[in-house]
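One structure below.
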Amino acid sequence: MSPLPPSAPVQVGNVLHHPAFGFATVEEVDPSGATLRWERQGSSHPVHVSKAALATAYRRCLPNGLLARSVRDPDGARAFVEAEPLAALAMLLVDLEAAASVADLRDWLLDRRLSTAARFEAWWDALRPLVETDDRFSLARDALSLRDGVDRSEVLQARARPLPVPGTLPASAAFGFALRLARALADVHLGGLGVVPDPAAVSITGDTIQFRTRGAPTAQGRRDDVRFVLRLLLEQVLGPLPAPGDVSESDLAPQLGGLGVTLPIELLAVATDGLAADGAFRPADGFALWERLNVAEAVHAMRRAAPWAHQAGACAGFNTHVGVLKSLQTQVNQDAFLLAGEPTFSLLCVADGISQCNAGSGDLASNLLIRSLRSWWAERGDSIRDAEPPRVNAAIAGALTRANEIVCDAALRAAAPDLDDFIPMGTTVLVALTRGNRVHLASLGDSRAYLVGRHGVSLLTFDQNLQSERLRDFVAGRHVSWTDSGTPLVGYCGHFDPDGVPALAPLATSVVSLLPGEWLVLCSDGLSDYGGPEEAAIADLIGTTVRERKGATVAAQAMDVCRALVDAANRGGGGDNVTVLALTLSSEYGAAAHDGPVPS
C-alpha cells in the first residue's frame, strides 16, 4: 500500500488502511482532515482524522487494487480471487509493494475474508505451478514477489475485458448483472465522479464492472448515469435498441414486454422509471438504483416461491367515463368491462372498441365481446377452477376465439355482402382470470394491466401496435423505418386473416402470483394516454393513487382507486373513454351499498 504524502490529498471514496484499526472509506473531506467510515467499527476507531495523522499513520490502498476492491465489493473480490487467481495474486503483491511469504498472502486473504484456511490451501496448490512458469513472478524459498520491470498499472487492470455482445445475457441472469452495474455506479458516485456514457467505456474484471469516469456530475447528471446503466442492461439482454433519436427511451418502456424475452416484471418496473424522459422519475444516483434493485430482486424471489393459495379471496372495484373532452364529440362510451365470479375465482375484462370502423361500431364490438365472455364464464368457467395453467390459458384462448368469430360475423352482416371498401369493427381485450392468488392474463391491443407492489409499478402487458412490430424487427436485425408514431393496432378482437376468414390474432398471455398488499389495475388507453406524459408518469400516478386511497373496507378502497384514476385521466384532458378495474387480495368480500356489486 502506498504512503499518503501531503502532495497527494485524500479524496472522497479513497480506501485507507491503519495497522491497528484496519480499513476505512473516506466519506467527507474538510480543511482540517477527513471523516472516515470504518469497515469494522469499534468504539476506539476515530471518526474524524487530521491531515497530519492521514499523512503519517495511514496508507492509501490503490483504487484498482485487490484490497480496495475487497472493501468496496467483497462479494465481487471473492469471486475474482476464485475466477482469476493469477491476476488476483499479482494485484495483491502490487498492493503490498514488497515480497511476501505464502503465509503472509494466506493471512491477508483470510483477514479480508477472500478465502478460508481450507480453500486457500487448495487454491495455492493449484496456483503454485502456474506461478513457477509465469515470468512475472519470482518465487524463492516461499518468498513471492513481482519481477522488476513488470508494469504495475497493467497488473491492476487485471485482464479487464469488454462487455459481452448485446443480446447474449440470459434473462435469468439479468438481476445479478443489474445489481453489479448498480454497485459499480454507486462506487463511482461515492467518489464524486460520473461515468462516460459509452458501452465501449465499460469493462469487466473478474466479477467486477468498471466504468471510465468523468468529472463531478450534477444531480441531473447522476440521474442520466442511471438511465445509461439501465439501457446498457436492457441491451445486454434484448440486443441493440433503437437510437433515442428514432424512439425515445421513455417510449420503449410500454413495449419491452413484447420483444420476445421474458424479463422479471419487478426489474421492468425499475427500468421504466430509469428510462423516463423526466429525470425526476429516475433513481437519484447509483445508491438509489442499487436500493431499488435489491428490493425488486427480493420481491421477485418471494413471488417465485409463493405457493398457489387457491382459497385466497379478492376484492375489486370499477369505474368508467366517456371522457370530458370526448363527450363534446360523442356521448357514446365504446369501452365495456366485465366483473364476474366470486372472491376466490373470478373473471375481469376491459374492452375498448376501435373508433375507426364503418362496418359496425366500436361500442358494439366491445359489448359483443363482453356478452360472449359472460356467457362462456357462466357455462364453462367452473370447469377450469382447479385446472393446470396451460389448460386455463387454452380455455381463455378458446373463449376469445369464439368472441372473435362473433364480432367478425357482426361486421360481415353490417357490411353485407362483403368487407370490400369497409373497415370492420374491432375491440381491444384484456382478460384477468383470478384463481386465489394467481392471475391468468390474456391481451390483444393496448388496454393495459399494471401490478402495484413494494417493488414499484410493473406493466404486465405491452401495446400490440405497429410500433411493437417495428421494435421486434429492429431487435431481430431487420431494417426499420421510424416514419410515424406506430399507434395503429395489430392485435384486437374482430380480426380477419388475409383471406378474409375470422382468425384470432396472436394472444399475449402470462400468469402472475399476487403477493399480500399488491394491487392489479386494468385499464383502457384512456388512462395511459391522458393520465400522464410518459409511461413513468402513468406508473407513478397509479402507484401513488393506490398508496394514498384508503377506504372503510378494501372494497370501498378499490372503488375509490378506480374513481381517482378516472378523474386523473379527465384532468389530463379526457380525450378518450376511460375504464379502470382494480383488484387486491383481501379477507373482506362485501362492500357498502353505494360502492356497487363488489364482487359480482
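Stretching Arg374 away from Asp386 to a fully extended chain increases their span by 2.4 nm, per 0.36 nm per residue minus the current alpha-carbon distance. Our coupling estimate for segment 191-200, obtained by passing each phi through the Karplus curve with A = 6.51, B = -1.76, C = 1.60 and θ = phi - 60°, is x, x, 10, x, 10, 6, x, 9, x, 5 Hz, Gly and Pro reported as x. One decimal place: the segment Arg472-Leu515 gains 12.3 nm when fully extended, by the rule 0.36 nm per residue minus the C-alpha distance.
Helix 117-133 and the long axis of the chain differ in direction by around 70°, with both axes built from C-alpha atoms. Let me check I've understood the local charge: for His479, count other residues with C-beta under 11 angstrom from its C-beta, Lys and Arg +1, Asp and Glu -1. What total comes out? After counting each charged neighbour, the total is +1.
Spin-label model, Ser44/Ala140: points 7 Å from Cα along the beta carbon direction are separated by 3.9 nm.
Extending 7 Å from Cα along the Cβ direction at Ala394 and again at Met302 yields two label points whose distance is 3.5 nm.
With a Förster radius of 56 Å applied to the C-beta separation of Leu130 and Ser248, the computed FRET efficiency comes to 0.65. From most to least packed by mean Cβ count within 10 Å, the peptides 529-537, 437-445 give 437-445, 529-537.
Given a Förster distance of 35 angstrom, what is the FRET efficiency for Ser327 paired with Arg547, based on the Cβ-Cβ distance and rounded to 0.05?
Working: r = 30 Å, r/R0 = 0.86.
Rounded to the nearest 0.05, the efficiency is 0.70.
Candidate values (i) 18, 42, 26, 13, 1; (ii) 21, 57, 21, 1; (iii) 16, 34, 30, 15, 5, 0 were compared with P(r) over Cα pairs in 20 Å bins from 0, in percent computed on the shown model; the agreeing label is (i). The mean sequence distance of close C-alpha pairs (under 8 Å, at least 6 residues apart), as a share of the length of the chain, puts its relative contact order at 13 percent.
The protection proxy used here, the mean number of other Cβ atoms lying within 10 Å of each residue, ranks peptides 20-28, 166-174, 464-472, 363-371 as follows, highest first: 363-371, 464-472, 20-28, 166-174. Taking amide hydrogens as placed 1.01 Å from N in the peptide plane, the amide H of Ala314 sits under 5 Å from those of Thr344, Ser586, each at least 5 positions away in sequence or on another chain. The C-alpha atoms of the chain define a longest principal axis, and helix 219-238 lies at about 70 degrees to it. Protection proxy ranking of 113-125, 447-459, 396-408, by the mean of other Cβ atoms within 10 Å over each peptide's residues and highest first, is 447-459, 396-408, 113-125.
Computed over segment 66-157, relative contact order equals 31 percent, with contacts defined as Cα pairs under 8 Å that lie 6+ residues apart. Answer rounded, prolate or oblate for segment 66-157, using the Cα gyration tensor with square roots of eigenvalues a ≥ b ≥ c: rounded when a/c is under 1.5, else prolate when a/b is larger than b/c, else oblate. The shape class here is oblate.
Relative to the dominant Cα principal axis of the chain, helix 85-96 is inclined by about 50°.
Each part gets one Cα centre, and for segment 229-277 versus segment 411-451 those centres are 26 Å apart.
For segment 474-528 versus segment 131-157, the spacing of their alpha-carbon centroids is 59 Å. Taking a ≥ b ≥ c as the square roots of the eigenvalues of the Cα gyration tensor, segment 161-304 is classed as rounded, since a/c falls below 1.5. At q = 0.06, 0.07, 0.11, 0.15 Å⁻¹ the log10 of I(q)/I(0) for segment 306-595 amounts to -0.18, -0.25, -0.63, -1.19, computed by Debye summation with a single uniform scatterer per C-alpha, solvent ignored.
Counted residue by residue at 0.36 nm each, then reduced by the alpha carbon distance between them, the extension gain from Ala103 to Ser485 reaches 130.9 nm.
Per residue, the chain reaches -12500 deg cm²/dmol at 222 nm when only DSSP H runs of four or more residues are counted, each adding -39500 (n - 2.57). Label reach from Ser32 (point 7 Å along Cα→C-beta): in segment 47-67, amide nitrogens under 20 Å belong to 47-58. Taking amide hydrogens as placed 1.01 Å from N in the peptide plane, the amide H of Asp335 sits under 5 Å from those of Gly353, each at least 5 positions away in sequence or on another chain.
A short reminder: the numbers here are calculations on the coordinates, not readings from a lab. Because the structure is a prediction, the values reported are computed rather than measured. Note: ideal-geometry Cβ built from the backbone for every residue, glycine included; neighbour counts use all protein chains shown.
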